[in-house]
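Notes for the one structure printed next.
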Amino acid sequence: MHEQINVETTKEQVASWDKKYLWHPFTQMKDFVNEEPLIIVDGEGVVLRDINGKEYIDGISSMWCNIHGHRRKEIDNAIKGQLDKVAHTTLLGMSNIPSARLAKRLVEITPEGLNKVFYSDNGSNAIEVAIKMAFQYWQYKGYRDKTKFVTLQYGYHGDTLGAVGVGGIDIFHTVFKPLLLKTFIAPSPYCYRCPYDKDKAACSSECLGGLEDILSKNSGSIAAMVMEPLVQGAGGMIVHPQGFLSGVKDLCEKYNTLLIADEVMVGFGRTGKMFACSHENVTPDIFTISKGLNGGYMPLAATLATDEIYNAFLGKYSEQKTFFHGHTYTGNPLACAAALASIDIFRSEKVIEGLEPKIRALQERLEQFQELKSVGDVRQCGLIAGIELVKNRETKEPYSWEERIGIRVSYEARQRGLITRSLSNVMVVMPPLSIKISELNNMMEILYESIECVTEKSCYIHTI
Ligand SMILES: *Cc1c(COP(=O)(O)O)cnc(C)c1O
């Protein structure tokens with residue numbers, strides 16, 4: 001029997017279909033099917049509403065991608081307008097208006113020198129493109145042995161195999177090891193747990209020395225360094241000390257290595273500037289963006305490259321230097337139209353200029369979190385923050401996996417009307433840039449209470 005259409009589905013039905021048919025990403029399904037699922041029905045601004053009518057602040061920007069809030073008239077209308085023309089046509093050997101207009105806009109707003117835009121449809125694919133571009137570039141330049149990559153410990157660049165191959169998070173990556181690229185892993189400037197046991201005050205960027213060791217010994221076999229500039233996201237919102245990015249760029253130049261800057265998370269205003277690389281005036285050779293690109297509406301990504309990279313691929317058809325990569329939905333016109341509207345909002349509402357007071361308000365609220373006994377470290381960059389919970393503040397002993405501390409705090413926050421998601425023991429704060437200061441205060445109040453409740457009052461013991 002087919003499902004009857006036009007009959008309103010009950011929330012019990014939706015929940016049962018979900019549990020029966022859906023396999024959720026990054027989710028232990030054995031736990032998930034035993035819980036009441038959160039089912040979102042609609043949203044407006046920074047607020048999402050579930051199937052029971054309960055409202056939540058979207059504290060993680062719907063997985064770090066929403067920028068201007070939900071149901072933005074301008075973006076909705078841009079998509080509807082394009083839909084009245086054509087929904088999708090290919091970029092393989094032909095073009096369309098939104099893709100070309102957006103490429104021009106992206107070259108204008110990204111760091112100087114990135115002049116060519118290659119589209120794909122998610123952050124992982126933007127990285128696949130970057131890796132293949134870097135590899136192929138050196139093949140054409142006559143450096144056939146430059147085939148390997150360097151990444152930072154705790155680095156995250158997506159879940160496809162190439163992207164996992166340049167990742168540095170053991171828990172996500174270990175199981176796939178036999179399938180992956182061989183990658184050098186350089187130390188991360190994770191100051192709270194400094195790999196060189198230095199105090200922040202006594203730091204002289206020893207981590208850069210670790211990278212230089214790798215590059216100086218292996219530059220003949222290294223194609224590129226891949227890194228998240230300023231903040232390593234999925235690795236635990238690790239905020240880098242000032243000067244680290246430009247230090248990496250200098251070393252890449254010194255050792256004839258390309259720099260791939262992955263701005264999939266930090267791009268589009270999160271750090272307080274449009275792009276993270278601008279904080280240190282760095283132009284990488286290859287640059288990836290996705291999450292905030294069209295305000296978090298639809299799948300879209302781009303890999304930008306310098307003329308130097310692009311020109312290496314030019315030649316006679318018979319030379320077969322073509323960049324052999326492309327997806328069915330590469331440069332989808334609806335997604336590009338949404339991106340143009342989103343970038344217009346940055347300008348018309350002076351979004352970047354308006355961030356300063358919000359960033360300061362967040363900083364003030366974060367200071368109070370030090371009062372909580374379980375808070376080991378608080379780190380912030382722009383409107384991004386990570387709050388690392390520890391079992392023992394003196395020894396920095398982490399909570400064990402069994403304690404599921406981040407999950408329990410997130411669950412408490414949800415009861416109080418905040419959607420958040422931890423990165424193991426690190427609580428993530430990443431609201432849409434459009435959040436009002438009153439909403440931000442509300443969000444931080446809920447987060448504070450939830451941490452206090454789970455770690456100091458044991459007011460809720462999760463049963464699973
Ligand atoms: C999320 C993320 C990716 C992967 O993007 P998807 O769209 O999830 O494939 C890559 N790099 C960084 C820095 C990210 O945060």
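Some observations on this one:
- Under the Debye formula (equal points on every Cα, no solvent term), log10 I(q)/I(0) of the range 75-348 at q = 0.07, 0.10, 0.14 Å⁻¹: -0.25, -0.51, -0.98
- Note on M94 and I171: the extension gain reaches 23.5 nm, defined as 0.36 nm multiplied by sequence separation minus the Cα-Cα distance.
- Between K73 and N52, residue separation times 0.36 nm minus the direct Cα-Cα distance comes to 5.0 nm.
- Table column - 3J(HN,Hα) (Hz), the range 32-49, Karplus curve with 6.51, -1.76, 1.60, x for Gly and Pro: 4, 6, 8, 10, 6, x, 7, 10, 7, 10, 7, x, 7, x, 8, 9, 10, 10
- Where trypsin sites (Lys or Arg not before Pro) fall in DSSP loop in the range 56-90, at most 16 other Cβ within 10 Å: R71, K85
- Taking label positions 7 Å along the Cα-Cβ direction at both S348 and S221, the computed distance is 5.4 nm, reported to one decimal.
- The chymotrypsin sites (Phe, Trp or Tyr not before Pro) of the range 365-464 that meet both conditions, a loop assignment by DSSP and at most 14 other Cβ atoms within 10 Å of the site Cβ, are Y460.
- Dipole of the chain, positive direction: furthest Cα of H24, V117, I185, with charges on the beta-carbon: V117
- Rough spin-label spacing in nm, given labels placed 7 Å along Cα→Cβ, for R144 and V107: 3.4
- The range 128-155-the range 310-347 distance, computed between alpha-carbon centres (Å): 20
- With the simple model of a label 7 Å out from the Cα in the direction of the Cβ, S318 to Y196 spans 5.5 nm.
- Sparse packing (at most 16 other Cβ atoms within 10 Å of the Cβ) combined with a DSSP loop state is found for the following chymotrypsin sites (Phe, Trp or Tyr not before Pro) in the range 1-106: W23, F26.
- Accessible-area rank, largest first, for I67, I185: I185, I67, with all protein chains present and a 1.4 angstrom probe.
- Estimated dipole of the range 86-158 in Debye, rounded to 20 [Cβ of Lys and Arg +1, of Asp and Glu -1, Cα centre]: 220
- Point-charge dipole on Cβ atoms (K/R +1, D/E -1) for the range 75-348, about Cα centre, debye to 20: 440
- Charge-dipole axis of the range 75-348 as Lys and Arg at +1 and Asp and Glu at -1 on Cβ define it, positive-most pick from F275, I343, Q320: Q320
- Accessible surface, the chain, averaged per residue in Å² (probe 1.4 Å): 48
- Span-rule helices in the chain, defined as complete DSSP H runs reaching 20 Å or more along the axis (Cα) with Kyte mean at least 1.0: 333-348
- Rolling a 1.4 Å probe over the protein heavy atoms of the chain, with every protein chain left in place, gives an accessible area that is 52 percent carbon and sulfur.
- In terms of its alpha-carbon gyration tensor, the chain comes out oblate; a/c meets the 1.5 threshold, while b/c is at least as large as a/b.
- The chain - charge dipole about Cα centre, Lys and Arg +1 at Cβ, Asp and Glu -1, debye rounded to 20: 920
- The range 358-382 versus the range 407-442: alpha-carbon centroid distance in Å: 13
The values are calculated or read from the model by the stated rules, or taken from the named source; none is laboratory data. Note that the coordinates shown come from a computational prediction; the quantities given were computed from them, not determined experimentally. Neighbour counts are summed over all protein chains in view; Cβ atoms, including those assigned to glycine, are modelled from backbone coordinates with ideal geometry. These accessible areas exclude ligands, DNA and RNA; they are computed on the full protein's heavy atoms, side chains included. Shrake-Rupley method; radii C 1.70, N 1.55, O 1.52, S 1.80 Å.
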